[in-house]
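Structure first, commentary second.
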Amino acid sequence: MSRYHKIVERIKPVFGNTLSLVLPSVTNLLLSLLVIRLYNAEWWGKIVEMQIIYYLATNFTAWGNKEYLLREFSKTPAKIKSIWSSSFNSRLLYILLPVYILLYIYDHSITGVFLIAWVVLRHIQQSFESVATFEKKFIPIVSSEFISLILICLALYGFKDLAFENILLMITISYAIRTLIVMIVFRKYFSIDSELSFATLTASFTFMLLAFTNTAQSKADILVLNILMNKTDLAKYGVITGFIFLSKSATTFIVFPFAKNIYRLKKSSVKLLSTEFLKYGFAITLCGLLFQYIMLNYFYHFQFSTSMYILSAVCILPGFWYLPIVYFLFKRNKQIKVIIVNIIGIAINLIAGFVFIKPFGINGGLLSMAIAQLFMLAFVYYYFLKTIDHEHRTF
């Protein structure tokens, strides 16, 4: 095997993982562009409101299965099928709670039915991500995203007189296509005979809390804006934060290939690495803001002040600084500390949102997100330094 071929083989899983993670965000941004330009910005605001519930519900029903199963697969690769099917069958119980709540909130309306379909379909599709990641089979995940993206773009562009419910139907069909493709490809993992395992649900509880609190923290400001502002402002804010999260996701893409190396680094090296990542963060943030400016001005036709872009930068940069430290805390089994940081971020984001969104609108939402990110950075470093000090005293 040539050196070039070896490099390609090493890059393929990283590139595949990156695509599988970033495509849903890109799809959502393209969908927002089509709905806003071809139909109505207020309609996209209503979809953003639905997505808030969708993200929280699916993080709950996922129950940390991806991270937990990846660890279990590594321990016993020969039992992947039984481990996966046991987790899948056990978690089916959790889908009942959001379904019941959504039926109650939406009073059996068609919007509620579509939202329930999104949650159920995402629950099924997400369950296969652990297998795809462990076996490095990202083509089915990426292909399902591309196929559904092309079909929904053709549908929305081809039928320009759709009603709002028709758009929700198109989105639902796209989710169904993604789920069906993944189910067919990974069908061998299904096993009805697998036992329900409450031990599995207990063991993955911490992973669920990590994912759920992280999502809740990132959506707290948009939740408050949904309460205080109109749906058109919510649509604009959803688009802006979509670009912010796309830039922030670069932190994961950079860290992922070096995760194993970070786990092996000494404390002083991790601190230097976080500073080094921040340098890359400045360059990536500037590129992200430029892309955001071009898209908002020339495609969405949204005009915003310079302060909006400055606040966007402050929302993005702290993640580059503290993510390597988070990996260090994981290495030291300090997941609870990270959960506490997320909860602090949720509280600050909510409080700041109610204080700043009403007088400052969209900029107030970004300000609350920025303040939460800075506080999270401070607390991550506090726990990092406290861990180092404790280990020195123990030694």
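Each of S274, S32 was scored by other Cβ atoms within 10 Å of its Cβ. Arranged with the fewest first, they read S32, S274.
Volume per residue of the convex hull around the Cα atoms, evaluated for the chain, comes out as 164 Å³. Residue order for E42, E67, fewest other beta carbons within 10 angstrom first, comes to E42, E67.
Cross-link partners for K231 among the lysines, with Cα-Cα distance under 18 Å and sequence neighbours closer than 8 places in the same chain left out: K46, K219, K358. Ranked for footprinting exposure by Cβ neighbours inside 10 Å, fewest first, I240, I150 give I150, I240. Result for the chain in a Gaussian network model with C-alpha springs under 10 Å: among Y237, Y298, Y309, the largest mean-square fluctuation is at Y298. About its Cα centre, what dipole magnitude does the stretch 204-395 give when the only charges are +1 on Lys and Arg Cβ and -1 on Asp and Glu Cβ, stated in debye to the nearest 20? So the magnitude is around 620 debye. Compare S204, S90, S307 in a GNM of the chain, Cα atoms joined below 10 Å, and give the one with the largest fluctuation. Looking only at S204, S90, S307, the biggest GNM fluctuation is shown by S307. Under the convention that each Lys and Arg Cβ holds +1 and each Asp and Glu Cβ holds -1, the size of the dipole of the stretch 1-197 around its Cα centre is about 960 debye. In order along the stretch 105-115, the phi-based Karplus estimate (6.51 cos²θ - 1.76 cosθ + 1.60, θ = phi - 60°) of 3J(HN,Hα) comes to 5, 8, 6, 6, 6, 5, 4, x, 5, 4, 5 Hz; Gly and Pro are listed as x. Over the chain, dividing the summed -39,500 (n - 2.57) contributions of all DSSP H runs of at least 4 residues by the number of residues returns a 222 nm mean residue ellipticity of -29000 deg cm²/dmol. The coefficient of translational diffusion for the stretch 102-238, derived via Stokes-Einstein from the alpha carbon Kirkwood radius under 4 °C and 1.567 mPa s, stands at 73 µm²/s. Its Kirkwood hydrodynamic radius, worked out from the mean inverse distance over all distinct Cα pairs, puts the stretch 1-197 at 18.2 Å.
All C-alpha pair distances within the stretch 204-395, sorted into 10 Å bins from zero, spread as 9, 35, 34, 17, 5, 1 percent across the bins.
Each reported figure results from applying straightforward, stated rules to the coordinates on display, with no laboratory input. Because the structure is predicted, anything quoted here is derived from the model rather than measured. Neighbour counts are summed over all protein chains in view; Cβ atoms, including those assigned to glycine, are modelled from backbone coordinates with ideal geometry.
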